[in-house]
Amino acid sequence: MLKKIKDAVVGEKVEATEEAPKKVKKEKVVVEPKLDTVMDRIVHESATPALVGDLVEGPVINIEKSAVYIDLAPFGTGIIFGREYLTARDIIKKINIGDVIAAKVVETDNKDGYIELSLKEARQALIWSEAEAAINNKTTLELPIIEANKGGLIIQWQGISGFLPASQLKTEHYPRVADGDKDKILEELKKLVGTKISVSIISAIPKEGKLIFSEKSPESKDKERIIGKYKVGDTVDGTVTGIVDFGVFVKLEDGLEGLVHISEIDWSLVEDPRALFKVGQKIKVKVIEIKEGKVSLSLKALKENPWVEAGKKYKKDQQVQGVVIKFNKHGALASIEEGIAGLVHISEFGSEEKLRKNLELGKSYDFKITLFDIKEQKMALSFTGEKK
């Protein structure tokens, strides 16, 4: 389509603010097509008339105070007037006689014999046409984020609000929230409002006025192929890309990132992953699970399992010494050596207050092993000291 067409039609959206003038019957502007050759006459006679909803184009042949006339030979003369004129008047100001413009047919034969046209409707049709072209060409668009909800982001393009699902965000923008808490996800998404983001249109439904965007590059659709290069048990090099309360995100290669859950960082208790890693750090990890497009990684799987050696030294009912390293809702965790810790259940003391009165963080106490399961890596302890 000629540049003049696009410039004339895809202009700034203007809402009508005045009451449309009453139609005044004017002398009809008629342009007779030139039929210089036999072929011209054949084309003229066989041409299919324009229908309501069709997008048509032609040169402007007259501009009046409240109407624009367009040559739509061989079908007749088109007119933009009334409310359609008011709605598009800022666009019309830029139009000159002779310019070729596109418009949408809203009435094929009004009482004055004109084909009524709409620039606003044509603009919408062209926008959706551009959306389809953008999908086919995988065009990247830099667009503003205007709103966030629990499902994703609202983005605006050509005056149309579209939706970017959180699942279609790149790794660096995806909300890293433990347990998929929707309220926390929303808080993270809100931080992106007001910024611009590079996206592509992946779905356009004109009838419903829906646009769906994705931040993921076309290459990310090859994720299954990339994941196929890895298998459980592989030891790979990676780069730390994010650190959160529940673990560490590690980039394995472009388009693929995995998570080292906090429970897979070390055999010993890890309270804060941020104290052990920094973004950009190079580390070795082991692939322990590949499921539903997600890769789970482990650092402790690369280290010797302390429970194997512990199985040779400890058994049920054995007396041991342990250092209290953490309290939780079930009781207190006591470590009897590096990587080997057991639970002292709160029921031994009757309440959390009494448990904390008898056991203090960082202090060593005497315990008896009441459960020792090497396979499940579980141990339970019973306090054998004098209770307060």
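The values are calculated or read from the model by the stated rules, or taken from the named source; none is laboratory data. Everything numeric in this text was worked out from a predicted model, so none of it was measured. Backbone-built Cβ (ideal geometry, glycine too); neighbour counts: all protein chains shown.
Take the conditions surrounded by 14 or more Cβ atoms within 10 Å (Cβ to Cβ), free of Cβ contacts under 8 Å to residues at least 24 places away in the same chain and of a type outside the set (Gly, Ala, Ser) and apply them to Lys184. Does it pass?
yes
Would you confirm whether or not region 150-160 contains a residue that is out of contact with any Leu (no Cβ under 7 Å at 6 or more places or on another chain) and modelled with pLDDT of 90 or more? Yes.
Any idea which of Ala332, Ala341 is part of a strand (DSSP E or B) and under 28 Å from Val232 (Cα atoms)? Can you show your working first?
On the way: Ala332 fails: under 28 Å from Val232 (Cα atoms).
So the residue among Ala332, Ala341 that is part of a strand (DSSP E or B) and under 28 Å from Val232 (Cα atoms) is Ala341.
A quick yes/no check of all residues on (1) of a type in the set (Asp, Glu); (2) more than 30 Å from Leu169 (Cβ to Cβ); (3) over 44 Å from the mean Cα position of the chain (by Cα); (4) assigned to a strand (DSSP E or B):
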{"residue": "Ile61", "(1), (2), (3), (4)": "no, yes, yes, yes"}
{"residue": "Ile70", "(1), (2), (3), (4)": "no, yes, no, yes"}
{"residue": "Ala73", "(1), (2), (3), (4)": "no, yes, yes, no"}
{"residue": "Ile80", "(1), (2), (3), (4)": "no, yes, no, yes"}
{"residue": "Ala102", "(1), (2), (3), (4)": "no, yes, no, yes"}
{"residue": "Gln124", "(1), (2), (3), (4)": "no, no, no, no"}
{"residue": "Glu130", "(1), (2), (3), (4)": "yes, no, no, no"}
{"residue": "Ala133", "(1), (2), (3), (4)": "no, no, no, no"}
{"residue": "Asn136", "(1), (2), (3), (4)": "no, no, no, no"}
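Might you let me know whether region 127-143 holds any residue that is surrounded by fewer than 17 Cβ atoms within 10 Å (Cβ to Cβ), farther than 27 Å from Arg89 by Cα and small (Gly, Ala, Ser)? Looking through region 127-143, at least one residue is surrounded by fewer than 17 Cβ atoms within 10 Å (Cβ to Cβ), farther than 27 Å from Arg89 by Cα and small (Gly, Ala, Ser). The lone criterion from (1) over 28 Å from Leu269 (Cα atoms); (2) more than 20 Å from the chain's Cα centre (by Cα) left unmet by Ile212 is number (2). Quick check: is even one residue across region 310-321 closer than 27 Å to Asp272 by Cα and either among the β-branched types (Val, Ile, Thr) or in contact with a helix residue (DSSP H, G or I) (Cβ under 6 Å, 6 or more places away or on another chain) (or both)? Looking through region 310-321, none of the residues is closer than 27 Å to Asp272 by Cα and either among the β-branched types (Val, Ile, Thr) or in contact with a helix residue (DSSP H, G or I) (Cβ under 6 Å, 6 or more places away or on another chain) (or both).
Mind counting the residues in region 78-97 that are closer than 16 Å to Asp112 by Cα and buried (at least 21 other Cβ atoms within 10 Å of the Cβ)?
Our first condition is that a residue be closer than 16 Å to Asp112 by Cα; within region 78-97, this holds for 78-82.
With the extra rule that they be buried (at least 21 other Cβ atoms within 10 Å of the Cβ), the set shrinks to 78-81.
Residues that pass the stated criteria total 4.
Does region 311-323 include one or more residues that are without any contact (Cβ under 8 Å) to a residue 60 or more places away in the chain, assigned by TED's automatic domain parsing to the domain that holds Ile374, polar (S, T, N, Q) and assigned to a strand (DSSP E or B)? Checked region 311-323: at least one residue is without any contact (Cβ under 8 Å) to a residue 60 or more places away in the chain, assigned by TED's automatic domain parsing to the domain that holds Ile374, polar (S, T, N, Q) and assigned to a strand (DSSP E or B).
For region 262-280, which positions are touching a Ser or Thr at 6+ places or on another chain (Cβ under 7 Å) and surrounded by 14 or more Cβ atoms within 10 Å (Cβ to Cβ)? Outline the logic, then answer.
Step one: of region 262-280, the residues touching a Ser or Thr at 6+ places or on another chain (Cβ under 7 Å) are 264, 279-280.
Residue satisfying the conditions is Glu264 alone.
Being of a type outside the set (Phe, Trp, Tyr) and farther than 30 Å from Ala334 by Cα holds for only one residue in Arg225, Arg274, and it is Arg225. Considering region 354-376 alone, what residues qualify as being surrounded by 16 or more Cβ atoms within 10 Å (Cβ to Cβ) and free of Cβ contacts under 8 Å to residues at least 40 places away in the same chain? Hits for region 354-376 are Leu355, Asn358, Leu359.
Take the conditions at pLDDT 90 or above, of a type in the set (A, V, I, L, M, F, W, C) and in a strand (DSSP E or B) and apply them to Ile145. Does it pass? Spell out how you get there, then give the answer.
Values: at pLDDT 90 or above: yes; of a type in the set (A, V, I, L, M, F, W, C): yes; in a strand (DSSP E or B): yes.
Criteria met by Ile145.
Would you confirm, using the coordinates I've provided, whether Val285 is at pLDDT 95 or above, buried (at least 19 other Cβ atoms within 10 Å of the Cβ) and either touching a Lys or Arg at 6+ places or on another chain (Cβ under 7 Å) or of a type in the set (A, V, I, L, M, F, W, C) (or both)? Walk me through it before giving the result.
On the way: at pLDDT 95 or above: yes; buried (at least 19 other Cβ atoms within 10 Å of the Cβ): yes; either touching a Lys or Arg at 6+ places or on another chain (Cβ under 7 Å) or of a type in the set (A, V, I, L, M, F, W, C) (or both): yes.
Yes: the conditions hold for Val285.
A single entry from Ile155, Ile115, Ile95 fulfils the requirement of being β-branched (Val, Ile, Thr) and over 30 Å from Pro49 (Cβ atoms): Ile155.
For region 195-209: of the residues being more than 20 Å from Asn137 (Cβ to Cβ) and more than 15 Å from the chain's Cα centre (by Cα), which is surrounded by the most Cβ atoms within 10 Å (Cβ to Cβ)?
We begin by selecting, within region 195-209, every residue more than 20 Å from Asn137 (Cβ to Cβ); these are 195-196, 207-209.
From the residues that got through so far, the ones that are more than 15 Å from the chain's Cα centre (by Cα) too are 207-209.
Details: Lys207: 6, Glu208: 7, Gly209: 12.
Among those that are more than 20 Å from Asn137 (Cβ to Cβ) and more than 15 Å from the chain's Cα centre (by Cα), it is Gly209.
Can you say whether Phe349 is outside the structural domain of Trp267 (by TED's automatic domain parsing), closer than 14 Å to Gln319 by Cα and touching a residue at least 24 places away in the same chain (Cβ under 8 Å), as far as the supplied structure shows? Taking the combined requirement at face value, the residue does not satisfy it.
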